[in-house]
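Q: The structure follows.
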Amino acid sequence: MSLLAVRDLAVARGGLRAVEGVSFSLDPGGALVLRGPNGIGKTTLLRTLAGLQPAVAGVIEAAPDAIAYAGHSDGLKPALTVTENLRFWSEIFGGPDIAAALEAMNLRELAARPAHALSAGQKRRLGLARLMVTGRPVWLLDEPTVSLDRASVALFAAMLRAHLGRGGAAVIATHIELGLPEAEILELGPYRARETRRESRPAGFNEAFG
Amino acid sequence: MRALLIRDLRLATRAGGGFGLALAFFLIVCTLVPFGVGPEGGTLSRIAPGILWVGALLSCLLSLDRIFALDFEDGSLDLLATAPLPLEGAVAIKALAHWLVTGLPLALSAPVFALLLHLPGPAYPWLVASLILGTPALSMLGAFGAAVTVGLRRGGLLLSLLVLPLYVPTLIFGAEAVRRGAAGADPVAPLVFLAAITLATLALAPFAAAAALRVNLR
């Protein structure tokens with residue numbers, strides 16, 4: 001039983017098809033690394049998988065409430081402390097306690113600090129710790145290691161491996177080596193959409209009038 | 001749901017949260033009007049119901065674009081949209097939080113500002129009642145407007161133009177209730193209409209706002 005299966009998926013950004021014909025399936029414990037040049041549609045693909053935008057064509061099969069998405073922004077409130085930020089997401093997702101997440105990303109010493117006083121790397125660590133408190137099996141990670149130092153990348157890789165060990169799965173768009181030899185690699189280059197015709201309707205208000 | 005409400009209230013009351021902005025603006029309107037139209041009690045008490053309601057409405061308008069814009073910028077809105085909480089519920093909760101930090105304080109403090117405008121004595125309870133019944137509609141309609149314009153640069157301008165016509169019925173019946181209260185007439189009929197508008201808004205706007213958010217998050 002796969003956690004996430006994708007068949008012949010096509011996604012569009014700004015009304016233009018980005019990639020098409022993508023198929024893969026993820027079993028518990030599986031990790032998939034998305035590779036490809038800037039602008040090929042890694043973020044668009046992840047946002048489509050997360051359900052934030054509709055697929056242009058193809059099928060996405062996932063259990064309801066299985067997916068946790070972590071995009072470029074961490075969803076942190078500068079005025080709240082590390083603990084308050086994390087506890088909020090834990091309560092919203094009905095996930096597990098935040099202690100393990102604080103421990104996993106080495107945030108315990110920063111627990112009482114307001115998020116506006118964190119460095120970029122510390123914010124990212126908090127954003128990644130949020131994934132643990134969602135309690136969801138499939139993580140979609142968009143460039144998770146941006147602004148992390150080498151030690152934090154190792155922490156993150158350990159957290160990710162523990163998640164996979166618990167039967168989770170992850171789709172990761174990244175350019176650096178995470179030290180996950182078991183991860184499959186999907187080069188998106190060959191799936192680049194051939195014709196760049198516009199989809200007939202604008203995707204949203206911003207696009208139509210912005 | 002409770003977690004979201006508590007977070008929004010906490011954010012609003014912490015430094016830089018904008019709590020008190022609406023009240024300060026309301027105070028400014030109510031202090032400037034007597035200087036502008038002259039201090040005769042007769043003139044002031046005749047226009048007081050309208051000025052109080054217009055002032056409250058504009059104060060509500062001031063902080064509307066913050067309902068979703070901040071969450072959109074820091075990525076929280078993406079995460080809320082993928083959370084188990086239905087987006088309609090999140091919209092309703094955020095509008096409720098907006099009302100608790102703007103509409104409710106406005107309604108409770110309005111009698112003090114009404115003194116500055118020589119509002120006739122019998123109108124005071126009706127002023128508070130009409131604002132308590134009417135301002136939830138202002139927050140909910142505002143949340144709809146904020147959802148439509150989220151992510152737009154300078155969306156605040158478009159937002160104001162968008163919700164202004166939607167605010168007109170609430171303003172008409174709200175000010176009418178206070179005016180009738182001041183004149184000693186029966187203000188129940190406009191209050192009932194006001195309540196009906198608020199209830200219809202609370203029932204419909206969350207769905208419209210959530211649909212608009214889904215489109216804008218693409």
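The values are calculated or read from the model by the stated rules, or taken from the named source; none is laboratory data. Since the structure is predicted, the reported quantities are computational estimates derived from the model, not experimental observations. No Cβ is skipped: glycine too gets one built from the backbone with ideal geometry, and neighbour counts run over all protein chains shown.
Q: If you take the residues of segment B:4-40 that are within 27 Å of B:A81 (Cα to Cα), small (G, A, S) and surrounded by 15 or more Cβ atoms within 10 Å (Cβ to Cβ), which of them is farthest from the chain's Cα centre (by Cα)?
A: Filtering segment B:4-40 for residues that are within 27 Å of B:A81 (Cα to Cα), small (G, A, S) and surrounded by 15 or more Cβ atoms within 10 Å (Cβ to Cβ), the one farthest from the chain's Cα centre (by Cα) comes out as B:G17.
Q: Now for a separate question. Can you tell me how many residues in segment A:90-101 are out of contact with any Leu (no Cβ under 7 Å at 6 or more places or on another chain) and more than 7 Å from chain B (Cβ to nearest Cβ)?
A: Residues that pass the stated criteria total 6.
Q: Filter segment A:57-105 down to residues that are more than 14 Å from B:D74 (Cα to Cα) and among the polar types (S, T, N, Q) and give me whichever is surrounded by the most Cβ atoms within 10 Å (Cβ to Cβ).
A: So the residue we want is A:S90.
Q: Scan segment B:29-55 and report the pairs whose first residue is aromatic (F, W, Y) and whose second residue is outside any loop (DSSP other than H, G, I, E, B), with Cβ atoms within less than 7 Å and a gap of 6+ or a chain change.
A: Short answer, once both residue conditions are applied: B:W53/B:L171; B:W53/B:G174; B:W53/B:A175; B:W53/B:V178.
Q: Taking A:E61 and the conditions (1) within 14 Å of chain B (Cβ to nearest Cβ); (2) closer than 27 Å to B:A211 by Cβ; (3) of a type in the set (D, E), which numbered condition does it fall short on, given that it satisfies the others?
A: So A:E61 meets the others, but not (1).
Q: Is one or more of the residues making up segment B:190-202 in a helix (DSSP H, G or I), within 14 Å of chain A (Cβ to nearest Cβ), in contact (Cβ under 8 Å) with a residue 12 or more places away in the chain and under 17 Å from B:C60 (Cβ atoms)?
A: Checked segment B:190-202: no residue is in a helix (DSSP H, G or I), within 14 Å of chain A (Cβ to nearest Cβ), in contact (Cβ under 8 Å) with a residue 12 or more places away in the chain and under 17 Å from B:C60 (Cβ atoms).
Q: I would also like to ask the following. Output the residues belonging to segment B:1-30 that are part of a helix (DSSP H, G or I) and under 19 Å from B:L61 (Cβ atoms).
A: Within segment B:1-30, B:D8, B:A12, B:L21, B:A22, B:L23, B:A24, B:F25, B:F26, B:L27, B:I28, B:V29, B:C30 qualify.
Q: Would it be correct to say that B:G181 is part of a helix (DSSP H, G or I), closer than 30 Å to B:G42 by Cα and either among the small types (G, A, S) or touching a Ser or Thr at 6+ places or on another chain (Cβ under 6 Å) (or both)?
A: Criteria met by B:G181.
Q: I'd like to check something: does segment B:140-160 contain any residue that is modelled with pLDDT of 90 or more, β-branched (V, I, T) and touching an Asp or Glu at 6+ places or on another chain (Cβ under 8 Å)?
A: Yes, segment B:140-160 contains a residue that is modelled with pLDDT of 90 or more, β-branched (V, I, T) and touching an Asp or Glu at 6+ places or on another chain (Cβ under 8 Å).
Yes/no per residue for (1) under 26 Å from A:H72 (Cα atoms); (2) touching a Ser or Thr at 6+ places or on another chain (Cβ under 8 Å); (3) within 14 Å of chain A (Cβ to nearest Cβ):
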{"residue": "B:G50", "(1), (2), (3)": "no, no, no"}
{"residue": "B:S59", "(1), (2), (3)": "no, yes, no"}
{"residue": "B:L87", "(1), (2), (3)": "yes, no, yes"}
{"residue": "B:A95", "(1), (2), (3)": "no, yes, no"}
{"residue": "B:A110", "(1), (2), (3)": "no, no, no"}
{"residue": "B:A114", "(1), (2), (3)": "no, no, no"}
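Q: Out of the residues in segment B:77-127 that are in contact (Cβ under 8 Å) with a residue 24 or more places away in the chain and assigned to a loop (DSSP other than H, G, I, E, B), which is surrounded by the fewest Cβ atoms within 10 Å (Cβ to Cβ)?
A: Once the filter is applied, the top-ranked residue is B:P86.
Q: Follow-up. Kindly provide the set of residues from segment A:30-45 that are over 16 Å from the mean Cα position of the chain (by Cα) and surrounded by fewer than 19 Cβ atoms within 10 Å (Cβ to Cβ), ordered by number.
A: Once the filter is applied, which keeps residues that are over 16 Å from the mean Cα position of the chain (by Cα) and surrounded by fewer than 19 Cβ atoms within 10 Å (Cβ to Cβ), segment A:30-45 yields A:P37, A:N38, A:G39.
Q: Go through (1) more than 11 Å from chain A (Cβ to nearest Cβ); (2) assigned to a helix (DSSP H, G or I); (3) within 22 Å of B:L158 (Cα to Cα); (4) not aromatic (F, W, Y) for B:L64 and report which single condition fails.
A: All conditions pass for B:L64, except number (2).
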